[in-house]
Amino acid sequence: MTNEDLAALEGVGPAMSSKLRSAGLTNVETVVVTPPKEIAEKTGIGFNTVLKIVASARKMLNIGFISANELWEKRKNMVKCSLGSEELNKLFGGGIESQAMTELIGEYGVGKTQICFTLCVMAQLPPEKGGLNGNVVFIDTEGTFIPERIFEIATALELDLDPHEILKNIFLARAYNSAHQSLLIEQLFKFCPANNVKLVVVDSMIGHFRGEYIGREHLAERQQKLNSCLHKLLRLTEAYNLPVVITNQVYANPAQVFFGDPNKPTGGHIMAHACTHRIFLRKGARGTRLARVIDSPYLPENSVRFKITAKGVEDVPAPTA
Ligand code: GTP
Ligand code: MG
């Protein structure tokens, strides 16, 4: 997408444009991906007027039936962020991609947060070095964001960038509960374009939801709220051509073994359907870690080995004969 200005839309004058903008609808792409009912509620603009604006936005972006070849062209705009490990990059088909949501799943201490930290640094590099040339938003729901660790990674990678500058370009938001987390996600539609944000991390996506909605009787409500958050993130990936990375926990289910592991991702079908690429992580021998694609529309179901080091995540050296 092309980041079209709202002023170019039929029937949208400065007042209307300002209402849309203050509701986080900052470009024509966001108008197209947001449900009209939600636009009307957020902006106070009448529903029928909203429908006309949305129709005009769709027309401008030529949304409708497109040929598969046009989709091929659109996907060429996709950008990829290196994970700092060749093996992991191979697993992800080159890196964490934009216009998609990538989910890192695994038990405590497996390395989900460490991968996210490495991405926070890599995303700031220029594209020729595997980065996205942009800033990062990190929504921390567990209080596990450690700036010192990012500083260590940035230093160990011996980049041309000053580690302090790298820390300055990571915008951190500590989410204290699921409602706060939803609100922060909502704010991203304004925050990302205004601050050159090219990568969004939510670590973890589900922790607060699991902690707050306990018991079967609250499951439906939890899933509905989680779904709404996930869909907002998905829309963000499309509207601003950026990758979103979320982490997910596991629960033990001995009846269903994932990748030689009785742990199963939490969040049920809602999580499974919303995420584009699902990566399952587990601990391997001698402190190594294994990552496997468990669901993706096009990444093959491979697995690779990596390790957590001062540089964030790195390849495991091949054994010498
Ligand atoms: P939860 O958030 O608890 O679900 O786990 P997680 O998957 O996010 O784990 P995390 O990414 O925090 O990984 C923790 C593991 O990373 C620890 O067990 C350490 O083995 C490793 N680790 C953390 N910091 C460092 C470091 O500075 N150097 C090295 N070499 N390893 C580290
Ligand atoms: Mg973590």
Once both label points are put 7 Å beyond Cα along the C-beta direction, the A15-T144 separation in nm becomes 5.0
Of L61, L104, L167, which is the most mobile in a GNM of the chain whose springs link Cα atoms less than 10 angstrom apart? L61
Mind checking which of S85, S67, S303 has the largest fluctuation in a GNM of the chain, springs on alpha carbons under 10 Å? S67
Charges on Cβ only, +1 for Lys and Arg, -1 for Asp and Glu, centred on the Cα centroid of the chain; of V197, Q124, P35, which one is farthest towards the dipole's positive end? P35
Calculate the spin-label point distance for N302 paired with K76, positioning each point 7 Å from the Cα along the beta-carbon direction, and give it in nanometres. 2.5
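Based on Cβ point charges of +1 for Lys and Arg and -1 for Asp and Glu, what charge dipole magnitude is obtained for the chain about its Cα centre, in debye rounded to the nearest 20? Don't jump to the answer; show the numbers that get you there.
Values: 35 positive and 33 negative charges, 114 e Å.
Computed about the Cα centre, the dipole is about 540 debye.
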Using the Kirkwood formula on alpha carbons, the hydrodynamic radius of the chain in angstrom works out to 20.6
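State to the nearest 20 debye the size of the charge dipole of segment 3-60 about its Cα centre, where the only charges are +1 on K and R beta carbons and -1 on D and E beta carbons.
Numbers: 7 positive and 6 negative charges, 30 e Å.
For this selection, approximately 140 debye.
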Let's test this: bin the Cα-Cα distances of segment 131-229 at 10 Å from zero up to the farthest pair and state each bin's percent. 14, 40, 28, 14, 4, 0
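Please report the net charge: other residues with Cβ closer than 9 Å to the Cβ of D315, K and R +1, D and E -1.
On the way: positive: R305, K307; negative: E86, E87, E314.
Every neighbour counted, the sum reads -1.
Relative to the present Cα-Cα distance, how much length would full extension add between Q187 and I66 at 0.36 nm per residue of separation? It would help to have the intermediate numbers written out before the result.
Details: separation 121, 0.36 × 121 = 43.56 nm, distance 3.11 nm.
Length gained, Q187 through I66: 40.5 nm.
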Can you sort D140, D162 by 1.4 Å-probe accessible area, starting with the largest? D162, D140
With each label point set 7 Å from Cα along the Cα-Cβ vector, what nm distance links N196 and H180? 3.0
To the nearest 10 square angstrom, what accessible area does E217 show with a 1.4 Å probe? 140
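Have a look at the DSSP beta bridges in the chain and tell me what percent are antiparallel, nearest 5. Intermediate results must be reported in sequence, preceding the final value.
Values: 20 of 43 bridges.
In the chain, approximately 45 percent of DSSP beta bridges are antiparallel ones.
The values are calculated or read from the model by the stated rules, or taken from the named source; none is laboratory data. These figures come from a predicted structure and were not determined experimentally. Virtual Cβ from ideal backbone geometry, glycine too; neighbours counted across all protein chains shown. The protein model used for the area step is the full one, side chains on, heavy atoms only, and it has no ligands, DNA or RNA in it. Shrake-Rupley method; radii C 1.70, N 1.55, O 1.52, S 1.80 Å.
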